[in-house]
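Reading through the structure tokens given below for one structure.
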Amino acid sequence: MRELEEALAAIREAESLEALKTLKARYLGKKGLVTEALKALAHLPLEERKRRGQELNALKEALEKALEDRARELEEAALKEALERERLDVSLPGVRLFSGGLHPITLMERELVAIFQALGYEAVEGPEVESERFNFDALNIPEHHPARDMWDTFWLEGAYRVPGPLGEEAEGKLLLRTHTSPMQVRYMVAHTPPFRIVVPGRVFRFEQTDATHEAVFHQLEGLVVGEGITMADLKGAIFELAQALYGPEARVRFQPVYFPFVEPGAQFAIWWPEGRKWLELGGAGMVHPKVFQAVDAYRKRLGLPPAYEGVTGFAFGLGIERLAMLRFGIPDIRYFFGGRLKFLEQFRGIL
Amino acid sequence: MRVPFSWLKEYVPELESPEVLEERLAGLGFETDRIERIFRIPKEVVFARVLEASPIPGTGLKRLVLDAGRVVEVVSGAGNARAGIGVALALPGAEVGGMRIGERRIQGVVSHGMALSPKELGVGEYGGGLLEFPQDALPPGTPLAEAWPEEVVLDLEVTPNRPDALGLLGLAYDLHALGYALKAPEVDLRTEAVPIPFGLRVEDPEGAPHFTLGYAFGLRVGPSPLWLQRALFAAGMRPISNVVDITNYVMLERAQPMHAFDLRFLGEGILVRRARPGERLRTLDGVERTLHPEDLVIAGYRGEESFPVGLAGVMGGAESEVREDTEAIALEVAQFDPISIRKTARRHALRTEASYRFERGVDPLGQIPAQRRALSLLQALAGAKVAEGILEAGNPTPPKPIPFRPDYANRLLGTAYPEGEQLAILKRLGCLVEGEGPYQVTPPSRRLDLTLEEDLVEEVARIQGYETIPLALPAFFPAPDNRGVGRPYQKERRLRELLAGLGFQEVYTYSFADPEEAPRFRLFLPPLRLLNPLSPERAALRTHLFPGLLKVLKENLALDKPERALLFEVGRVYRVEGGVVREETHLAGLLFGEGVGLPFGEKLSGYPLLKGLLETLFARLGLAFQVEAHPYPFLHPGVSGRLWVEGEERGFLGEVHPEVLRGLELPRVWVFELRLPLPEKAFRFQDPSRYPLALRDLAVVVPEATPYAEVEGLLKEAAGPHLESLALFDLYQGAPLKPGTKSLAFHLRFRHPERTLTDEEVDAAMARIFQAVRERGWEIRG
């Protein structure tokens, strides 16, 4: 029994799984002490063999259990040690990737376009270098008409042509489009009613820049044409815009104004509940019959049948910068083209 | 246009207040830019009569003795200070123009106040002389404010379609349509049966479709009465003399400009013709002008000779202007071709109240009524006698009737205005309504903007008020050719969002380029230039986006010193091809700085990072993407690649050329730029294979200069159809490899879609690869 005590103590004190293995071999291995003793039983008388056998089996079981316990202890300790070793400072910063973001005008434009897409409008784009034919003439703004003074224009040098609505070469003095409205003509030439579109895009005015004026800015144009389209439909569209932008308290106001390519013409304002004021947002109206006529005349030149007899339509246009400035509290329009990352990075939270 | 409230109220007596007027006008389509209050005249400013004006020797000054209820002496430097005129006198204690008037000693003479110019009194811009009144305009000593009470002026925006509203009567007619009573000015004219001592010949009836000349004589030219001067000041004009002021007053009333010629300088009469080449005229502003053969001129004539006395519809000549001793005038009231006037005004950079109105158009039937109105005022205010006849040339064109259907108005507006109400509105606007179904509506001749049925519809809506139009939403199915037109826009939006998700910050830069800067970016000169640039740095249109990104980086570095930046822009660039402008949408990106990695460890940046980001982008887009070495002038010759997307050349990727960077004082920067829209691959679902993978590794030793893409291409081709993927995992140079060679090691994965590949099949594929590699003269390593 003294031997057993010694063996158990050795097991309990084993320092490693390696040492434990050696102990196991010494006692329980093929040539281990217990194994040898069990082999020796064969030479003993039956009674004694029985008694001694039971003793040895008990001894073997005790050793096995001790070995197992110690092994578990050692494994647990090893795991604990390993986990401790692999401990990280989880508060350390991770690998620094880049975080990107969209420009606030992109964000504002996306919001506006989404509002109209929900109403079934499709968004299309047009060229920025434009012929006066589409920017002015076809929109009932003939040369030498004082109405042309309403748009301070950048003109281009050189007698080049631009691709027309169907890719044909279009004549006319070249300019940087002063509004997105030439897309009304381009789109109508290339498509047939009824339809609903919005045209976001960059426009240009020959104008010195200050806190509220930019020579380069962005507009959203809307055009809905079909049989029986009314001015009430126009008001409804702007009302939807107002509600989507500023919630159920938003209201709309329409007042007569002159744009040569609409009749009746209107300017519209939205009641901005948060700022408690009317925001003059843009111009609108019913598509002028002369615009439809110009479109059909151009279609004829291209060999297309007339498509705009007996239809009516409404159009509207609004400035995106203004809305973005209000939406985000931007005090100066020059920030948009300023390219300063400290400005641009602020809009990352807007998903 | 400046609208003095009290003046307009003369025609519309029921006007409540300037505030109500502003609201009414807004509803009618006239926006008020601002409201100004003028004639805030201090009580110490009194009317005074100049009794005596004597020069103070050795100075340009005069000593004035005035009757201001008592005799007052002041010193004045004004050129027009003279005995016999009435003036505005600021007595000591008055505050005018921000200064307090006191008694002052000037050149040894004590000045007991100050005689005022319009500017000093704060009623006009003119500071070059005294405000001049008739000497008996008021009892001397009367505070001027009693005759000139405060005025409220609305500065109105009048759109080009409403030239009639450039006269106050035009606004009055509109207000009348809203229900206000109208009190049009009465013309009380007594004429004399005298022959008209001058002739009228219109040589160019296209330029002057209707031309009239009135004759007034026995004039006494002098300062206008106080009410007239006040009206003109309030409207933003400077009173000159009663005769000139009357022409301006009637113009402001009726939007019909007119001009008075001193008869002494006309010869036998007036000839309306185009200018002769090289002909010269000194206009009222004192400028000697060389006329253009397209300019329409008013000329005097003697026999066959003629000489310009005015630039028609723009400005009169200096010689024939009305002056103090003018006794007889020919009064020109005409209608001119708007385009001709506009061109002349532009050519001479001379935009006047007259040209502004003529280029928008005047009432074709308005000349004779305007003559009579002006002549009656000349009679009343300048003692004129007026000849019975008015010379007239040309035929005024009366307005044509417009068919009008009230039910069309409702269809266009989405309203249910009763027919009777619509017709009543048109009548109140001065239209003649005749017939029935459709009605024939003849607008008043002053309303040049009313020519179509839609114009009348707007009139109905305008007077009803746009707020009475209901809200509606149209429901319809678009015509088939409109389906899917929004797809390209959506694609571009998503691309921007993908880039932002990858860590790129979007920026917007101007579409302009500085042509001088093109060499600095090692670019060709931009082909599209502006005729009227805002500045030389913005004189052309950009051909690439990346210079803008470089500038953005430079500005950020100067201001905020960021350690790194990853930028992108999607925008238009402009080229010319075969005489046609080609506008393309580009996507450009820029990488600068330390790149990605642990803040406290090694970083990855530069070309491999930017290329990796593009690879990720194209993987997300499902598009094949390759870069092959190709030198671009603006890129580092050794780090310059051409971008291929789905086998199509799309742009470039590389490190910006050191010379470009040096020019901009920038550190190393990597950029890419490519042409949009990107192709879209037709989607086809592929069932992933469920059979086991066969994995092999392979290392190939190739000459150092061999591009990776070449090796990859050869392996893929040789491996046959069952190579599922191939991945580079090691790139090695050095011992034991031969100098000038490199080893590329790959993991290869083989798999068959429908069965398990046998070892023999995979071995055969590997054998084909070995053979191809050796045939190329490369080696298999290990």
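Structure above, values below:
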item: Of all residues in the stretch B:352-372 being among the β-branched types (Val, Ile, Thr) and part of a loop (DSSP other than H, G, I, E, B), the one that is surrounded by the most Cβ atoms within 10 Å (Cβ to Cβ); result: B:362
item: Test result for residue B:565, within 8 Å of chain A (Cβ to nearest Cβ), open to solvent by less than 40 Å² (accessible area, probe 1.4 Å), among the small types (Gly, Ala, Ser) and part of a strand (DSSP E or B); result: yes
item: Any hit, the stretch B:198-209, residues being touching a helix residue (DSSP H, G or I) at 6+ places or on another chain (Cβ under 6 Å), under 28 Å from residue B:299 (Cα atoms) and at pLDDT 95 or above; result: yes
item: Criterion violated by residue B:479 - all others in (1) in contact (Cβ under 8 Å) with a residue 24 or more places away in the chain; (2) facing chain A (nearest Cβ under 8 Å); (3) surrounded by fewer than 16 Cβ atoms within 10 Å (Cβ to Cβ) satisfied; result: (1)
item: Matching entry among A:111, A:143 (being within 9 Å of chain B (Cβ to nearest Cβ) and open to solvent by 40 Å² or more (accessible area, probe 1.4 Å)); result: A:143
item: Selection count where residues are open to solvent by 30 Å² or more (accessible area, probe 1.4 Å), within 14 Å of another protein chain (Cβ to nearest Cβ) and part of a loop (DSSP other than H, G, I, E, B), scope the stretch B:403-433; result: 2
item: Pick from the stretch B:498-522, criterion at the interface with another protein chain (Cβ under 7 Å from one of its Cβ atoms), open to solvent by less than 30 Å² (accessible area, probe 1.4 Å) and assigned to a loop (DSSP other than H, G, I, E, B), ranking: farthest from residue A:101 (Cα to Cα); result: B:511
item: Tally of residues being surrounded by fewer than 19 Cβ atoms within 10 Å (Cβ to Cβ), part of a strand (DSSP E or B) and not hydrophobic (A, V, I, L, M, F, W, C) across the stretch B:618-676; result: 8
item: Residue list for the stretch B:145-167, filter: within 14 Å of chain A (Cβ to nearest Cβ), in a loop (DSSP other than H, G, I, E, B) and touching a Lys or Arg at 6+ places or on another chain (Cβ under 7 Å); result: B:160
item: Lone qualifier among A:136, A:98 - being over 30 Å from residue A:175 (Cα atoms), at pLDDT 85 or above and aromatic (Phe, Trp, Tyr); result: A:98
item: Matching residues in the stretch A:232-258 - criterion: being in contact (Cβ under 8 Å) with a residue 40 or more places away in the chain, more than 7 Å from chain B (Cβ to nearest Cβ) and either under 26 Å from residue B:452 (Cβ atoms) or basic (Lys, Arg) (or both); result: A:234, A:237, A:238
item: The stretch B:247-304, residues that are out of contact with any Asp or Glu (no Cβ under 7 Å at 6 or more places or on another chain), among the small types (Gly, Ala, Ser) and either buried (at least 22 other Cβ atoms within 10 Å of the Cβ) or not in a loop (DSSP other than H, G, I, E, B) (or both); result: B:260, B:267, B:269, B:299, B:300
item: Selection within the stretch B:434-459 - in contact (Cβ under 8 Å) with a residue 40 or more places away in the chain, more than 9 Å from chain A (Cβ to nearest Cβ) and not in a strand (DSSP E or B); result: B:443, B:444, B:445, B:446, B:447, B:448, B:450, B:451, B:456
item: Selected residue (only one of B:682, B:619, B:624 is of a type outside the set (Val, Ile, Thr) and within 28 Å of residue B:776 (Cβ to Cβ)); result: B:624
item: Subset of the stretch B:579-615 that is more than 9 Å from every other protein chain (Cβ to nearest Cβ) and exposed (fewer than 15 other Cβ atoms within 10 Å of the Cβ) - its residue that is nearest to the chain's Cα centre (by Cα); result: B:584
item: Single residue of B:495, B:557, B:534, B:525 found to be surrounded by fewer than 21 Cβ atoms within 10 Å (Cβ to Cβ), modelled with pLDDT under 95 and more than 8 Å from chain A (Cβ to nearest Cβ); result: B:525
item: Residues that are open to solvent by 10 Å² or more (accessible area, probe 1.4 Å) and in a helix (DSSP H, G or I), drawn from the stretch A:114-137; result: A:114, A:115, A:117, A:118, A:132, A:133, A:137
item: Those residues of the stretch A:138-172 which are touching a strand residue (DSSP E or B) at 6+ places or on another chain (Cβ under 8 Å) and closer than 24 Å to residue A:303 by Cα, in sequence order; result: A:160, A:161, A:162, A:163, A:164, A:169, A:170, A:171, A:172
item: Selected residue (criterion: least open to solvent (accessible area, probe 1.4 Å)) from residues of the stretch B:705-751 that are part of a helix (DSSP H, G or I) and of a type in the set (D, E, K, R); result: B:712
item: Cβ pairs under 7 Å, 6+ apart, first in the stretch A:331-351 and within 8 Å of chain B (Cβ to nearest Cβ), second crowded, with 20+ Cβ neighbours inside 10 Å and among the aliphatic types (A, V, I, L, M); result: A:336/A:105; A:337/A:216; A:339/B:507; A:339/B:552; A:341/B:565; A:344/B:507
item: Residue in the stretch B:305-317 that is open to solvent by less than 20 Å² (accessible area, probe 1.4 Å), within 14 Å of another protein chain (Cβ to nearest Cβ), in contact with a Leu (Cβ under 8 Å, 6 or more places away or on another chain) and of a type in the set (A, V, I, L, M) present; result: no
item: Flag for residue A:224 being more than 10 Å from every other protein chain (Cβ to nearest Cβ) and open to solvent by less than 20 Å² (accessible area, probe 1.4 Å); result: no
item: Number of positions in the stretch A:155-210 that are more than 9 Å from every other protein chain (Cβ to nearest Cβ) and among the acidic types (Asp, Glu); result: 3
item: Checklist (1) open to solvent by less than 50 Å² (accessible area, probe 1.4 Å); (2) over 20 Å from residue A:315 (Cα atoms) applied to residue A:99, failing item; result: (1)
item: Looking only at the stretch B:318-339, and only at residues there that are within 14 Å of chain A (Cβ to nearest Cβ) and in contact with a Phe, Trp or Tyr (Cβ under 9 Å, 6 or more places away or on another chain), the one that is least open to solvent (accessible area, probe 1.4 Å); result: B:336
item: Residues of the stretch B:1-39 satisfying the condition of being in a loop (DSSP other than H, G, I, E, B) and either within 22 Å of residue B:356 (Cα to Cα) or touching a strand residue (DSSP E or B) at 6+ places or on another chain (Cβ under 9 Å) (or both); result: B:1, B:17, B:29, B:30, B:39
item: Verdict on residue A:242 being buried (at least 22 other Cβ atoms within 10 Å of the Cβ), of a type outside the set (Ser, Thr, Tyr) and modelled with pLDDT of 95 or more; result: yes
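The values are calculated or read from the model by the stated rules, or taken from the named source; none is laboratory data. All values derive from a computational prediction rather than experimental measurement. Note: ideal-geometry Cβ built from the backbone for every residue, glycine included; neighbour counts use all protein chains shown. Side chains are part of the model used for accessible areas, which takes the heavy atoms of the whole protein and leaves out ligands, DNA and RNA. Shrake-Rupley method; radii C 1.70, N 1.55, O 1.52, S 1.80 Å.
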